[in-house]
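Notes follow once the structure below has been shown.
The values are calculated or read from the model by the stated rules, or taken from the named source; none is laboratory data. Being a predicted model, the structure only gives us computed values, none of them experimental. When we count neighbours, we look across all protein chains shown, and the Cβ atoms used for this are built from the backbone with ideal geometry, even at glycine. SASA here: full protein model, heavy atoms, side chains in, ligands and nucleic acids out. Shrake-Rupley method; radii C 1.70, N 1.55, O 1.52, S 1.80 Å.
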Amino acid sequence: MNNELGSLMKEADPDQYSIRKIAGLWALVTFPVAFFRFVLLPLLVPIVNIHPGILFWLLMIVGMIWQFVLSVIILKKELGSLTWAGLKKRLWLQHPTHPKTFKVYKMAYSFTVPIILYAFFFESSGLFAFMEEGINEVFPMLAPPDYTRIENLAVPEFVGAWYLLVIALISCLFNYLLGEELFFRGIFLPKMRGAFGKWDWAMNGVLFATYHLHKISEIPLFLIGSLFYGFLNAKYRSFWPAIIVHGVEAIPLLLGVTAVVLGFL
């Protein structure tokens, strides 16, 4: 029985990526977004009649949609036909599975709570803002314009602007499911063990953090905060824990945007 289970697990494990291939695919999703932020955005802001904060947000969404498109291209190339059975196996679209018994282990979902609290502490508590401020002080050219900070969209001109909520919903869809998560935890993580062994989840966090070149001065904070995003996925071979860990960010975002549109902020 143990040999049979072991064979099944081996069969379910996809061919692994090389470090070179991982670096190449990382570059394909990272550099376009950096180009949007540092080259295209400054060119468009003076000539496009759109609030620069909204323009920045839309360009970031385009970057995340590109991640989705690239993910589909990769899946099509690897799987041939995009069947549910093939996608489920390749992307770990299943409940967490215990690494010893190989049985469904839904208790693993509860382990997302400490990771969420950990990420919030480092990324949202404000206690580590000195890291970003220090980088911006030493390298002022890296400091993001005020309009790139989403909280600066809380202004009276967006009261009643329900399209802002539509943008937020599309952003959440591609940020927390079909874009960043699909690419980094769906495409990447199941293929990284061959290159990084048991530290695949940690390197996944490093790649995810450093992908944020469009927020380059925040990368040290992202590096610490997102380190464990893929830990439960890798340990229990499931796509869903990181969706919960990362996706919880959508709640304050959508509530905040709704409050802005309704004039509460």
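For the reader, a short list of remarks on this structure follows.
- All of Ile170, Ile187, Ile216 fail the test of being in contact (Cβ under 8 Å) with a residue 60 or more places away in the chain, closer than 15 Å to Leu91 by Cβ and out of contact with any Phe, Trp or Tyr (no Cβ under 8 Å at 6 or more places or on another chain), apart from Ile187.
- The set of residues in region 95-118 being of a type outside the set (A, V, I, L, M, F, W, C) and out of contact with any His (no Cβ under 9 Å at 6 or more places or on another chain) consists of His95, Pro96, Thr97, His98, Pro99, Lys100, Thr101, Lys103, Ser110, Thr112, Pro114, Tyr118.
- Selection from region 222-240 of residues that are part of a helix (DSSP H, G or I), open to solvent by 30 Å² or more (accessible area, probe 1.4 Å) and touching a residue at least 24 places away in the same chain (Cβ under 8 Å): Phe222, Ile224, Phe231, Lys235, Trp240
- Counted as qualifying within region 159-212 are the helices (runs of 4 or more DSSP H) with 2 or more residues that are under 15 Å from the mean Cα position of the chain (by Cα), namely 163-173, 200-210.
- Of the residues making up region 244-255, those that are open to solvent by 10 Å² or more (accessible area, probe 1.4 Å) and either over 27 Å from Phe102 (Cβ atoms) or touching a Leu at 6+ places or on another chain (Cβ under 8 Å) (or both) are Gly247, Val248, Glu249, Ala250, Ile251, Pro252, Leu253, Leu254, Leu255.
Condition check ((1) surrounded by 17 or more Cβ atoms within 10 Å (Cβ to Cβ); (2) over 21 Å from Tyr105 (Cβ atoms)) across all residues:
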residue	(1), (2)
Asn175	yes, yes
Phe183	yes, yes
Leu207	yes, yes
Leu213	no, yes
Ser217	yes, yes
Pro220	no, yes
Ala242	yes, no
Leu265	no, yes
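- Some residue of region 127-142 being closer than 26 Å to Lys235 by Cβ and either surrounded by 12 or more Cβ atoms within 10 Å (Cβ to Cβ) or in contact (Cβ under 8 Å) with a residue 60 or more places away in the chain (or both): no
- Every condition in (1) surrounded by fewer than 15 Cβ atoms within 10 Å (Cβ to Cβ); (2) aliphatic (A, V, I, L, M); (3) touching a helix residue (DSSP H, G or I) at 6+ places or on another chain (Cβ under 8 Å); (4) at pLDDT 85 or above holds for Ala168 except the one numbered (1).
- Candidates in region 83-116 are the residues that are in a helix (DSSP H, G or I) and of a type in the set (Lys, Arg); of these, the one that is least open to solvent (accessible area, probe 1.4 Å) is Arg90.
- Test: Ala12 is modelled with pLDDT of 90 or more and surrounded by fewer than 17 Cβ atoms within 10 Å (Cβ to Cβ): no
- Any chance Leu227 is farther than 23 Å from His95 by Cβ and touching a Gly at 6+ places or on another chain (Cβ under 6 Å): yes
- The number of residues in region 85-119 being farther than 19 Å from Ile216 by Cα and touching a residue at least 40 places away in the same chain (Cβ under 8 Å) comes to 20.
- Subset of region 185-205 that is among the small types (Gly, Ala, Ser) and within 23 Å of Glu132 (Cβ to Cβ) - its residue that is surrounded by the fewest Cβ atoms within 10 Å (Cβ to Cβ): Ala202
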